[in-house]
Structure formats: structure tokens, C-alpha cells
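The values are calculated or read from the model by the stated rules, or taken from the named source; none is laboratory data. Since this is a predicted model, take the numbers as computed values, not measurements. Methodologically, a virtual Cβ is constructed for each residue, glycine included, from the backbone with ideal geometry; neighbour enumeration extends over all protein chains shown. Side chains included, ligands, DNA and RNA excluded: accessible areas come from the protein's heavy atoms. Shrake-Rupley method; radii C 1.70, N 1.55, O 1.52, S 1.80 Å.
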Amino acid sequence: MALSLKNKRTKNIGVVIPDIVHHFFTTVFRGIEKYANQRGYNVIICISDESIEKEVINMEMLANGSIDGFILSLSAETQLKNDFNHLKELLNQGIPIVLFDRVTSEVECDKVILNDKEIAYEATNHFIKTGSKKIALVTTENYFNVSESRRDGYLLALKDNNLKVDENFILTLPYDMENDRLIKEFFQANKIDAVLCVNEIFAIQCMSIIQELGFNVPNDISIIGFTDGILSRFSVPRLSIVAQHGELMGERAAKLLIDRMEWVDEVEEPFKTEVINATLIKRGSSIN
């Protein structure tokens, strides 16, 4: 504590995540905490609950002498409103920030992202290679940068395989609503043989409703989701997924932040964007 006071450093890192429902964010936090503790830092976590107001309040509270730097994933409202002034103000005050997963080009800082477009392309291509032609995408609004990238990968795979893009096969679900009715109507209205879901919860919801409607997974409809969480491992059949390596993403984000906070040279290191390569894991919900 005496050393921290002498150096005017708290040895605390603030982490702001959008929610704790998605398994991915909890694994990222685990990676951040594990690496930060090894470097002698404590971690304080806050939940924005997808609200820009909560995101701002949390960051203002922690920036008031409680932390040395931030790691965060942008809330839905922050991306929807395209308002990043609170981040820019903190950076101008000399408080370093690392963005992960949900990022923006509007803010100049270190970032850690997934190869979302490439892995969505690979997953869609896998469906095509195993005989699927009517491939759906279940996604969130396009202001989520990760959803937009995954959509781009899906569309490119269809194009490269000379498959027609049918906008009716793209289901956009609100992040803040119960979606069972929309999903059920979607699969009743469209004849589909495969579906790529941009997160684990959508994938499990879709699989449950597809089975309720009398379809067999994967013989009638194959499913791949994002995030290797508990739901995926214990679903029936077990869900084929895109492993996002959240713990590794958290470790990389913590390293980028701590290295920048401890940088001693007069010339500041250029900002970096590190890309984590996701892995497609084929299980029982897709024809392999």
C-alpha cells in the first residue's frame, strides 16, 4: 500500500461487462483476474446491464481514485447510441482502457477481438459441405459489431458457394426481449436445414423450439452456436459451437492494460488490436 501511494497507483483494475448471463463474459473475467493477480493487481468488476447510463456511472465511480485502468466490453446502448464520450474523456485524463469483444473504431485504445467474420464463414461453410442449402442466421441487431461481423462471414460463405441469400432466413432478435414466440414463428414459416446462432442462448432456445415443433436435430436441422458454455455441453444433443476462448481473451486484455500502465519509456507504445482465433467444435447438433 505504501508503494502504491508513493507511485500514486492503486494496483486495481476496473472491469465493466454488459451482463453475467452469457458464459463468455464470465470466462473473460476469469482470464483477466488470473493474469492480473499474477502481476500483483486486484480486479474490481461492474455490470453495465447493457445500459450506457450504468456503464458511465460505473466508470466514473471507479475512475475517482479507485483504479489505474479499465477493461470493458461495450454495452448494447453504448453501441446503439454510438456515444463514446465517457471513454474518450477517461483516455484524455490519462486513464488507459482496453476494449474487448464489443469494440469500436471511434475510440483509440488497445483492443482484443475475435476473428468473428472468419469463424462464421467457417461454420457456414461446414453446413454447406455436409449438404445443407437452406441455412438460417439467428442474430442480434447490427449495431453490435460482433453480430455484424458474424453476419458478414455467413453472407460471404453463401456467396462463395453460389447459394442465394434469402433475407427471410435471417432472424434478428432484440437483446432485451423474450424471443420464444419470434423463434417459433420463424421456424414455422421457413423451411430450413441448418441454423447459425450468434450466441449460445439463442442456439439453445432454437434447438428447444425446433424439437418442440417435431424436427430432429441434426437430421432435419443442424445447429451451431457461439460460446462453449455449460448449456452447450449438457444440451441434448450436445451443441456444436464456436469456442471463443474467453479466458485467453481476458488474459490478453489484462496483459495489454498492465503493460501500458507500467510502460516507462517517454515514447508511448502504439495501440494494438490483438485477434483471438476461435475454434469450431463439432458435436451432436450438426451433421459431421
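Looking at (1) 125; (2) 151; (3) 176, which value of volume of the Cα convex hull per residue in Å³ comes from a calculation on the structure shown? Checked against the structure: label (1). Here Lys191 is the anchor, and the lysines within straight C-alpha reach of less than 26 Å, apart from those fewer than 8 places off in the same chain, are Lys117, Lys129, Lys133, Lys134, Lys159, Lys164, Lys282. Excluding same-chain neighbours fewer than eight residues apart, the lysines reachable from Lys81 by a Cα-Cα span under 17 Å are Lys54. At the listed q of 0.10, 0.16, 0.22 Å⁻¹, the Debye profile of region 151-280, built from one uniform point per Cα, gives log10 I(q)/I(0) equal to -0.46, -0.89, -1.37.
At q = 0.10, 0.12, 0.14 Å⁻¹, what log₁₀ I(q)/I(0) does a Debye calculation on the Cα points of region 1-154 give, no solvent, two decimals? Here log10 of I(q) over I(0) equals -0.42, -0.58, -0.74.
Highest mean first, the peptides 246-252, 258-264, 273-279 sorted by other C-beta atoms within 10 Å per residue fall in the order 246-252, 273-279, 258-264.
Heavy-atom surface analysis with a 1.4 Å probe gives the chain a carbon and sulfur content of 49 percent of its accessible area. Solvent exposure of the chain amounts to 48 Å² per residue of accessible area, where only protein heavy atoms count and the probe is 1.4 Å.
Based on alpha-carbon atoms, the Kirkwood radius and the radius of gyration of region 117-209 give Rg/Rh equal to 0.93.
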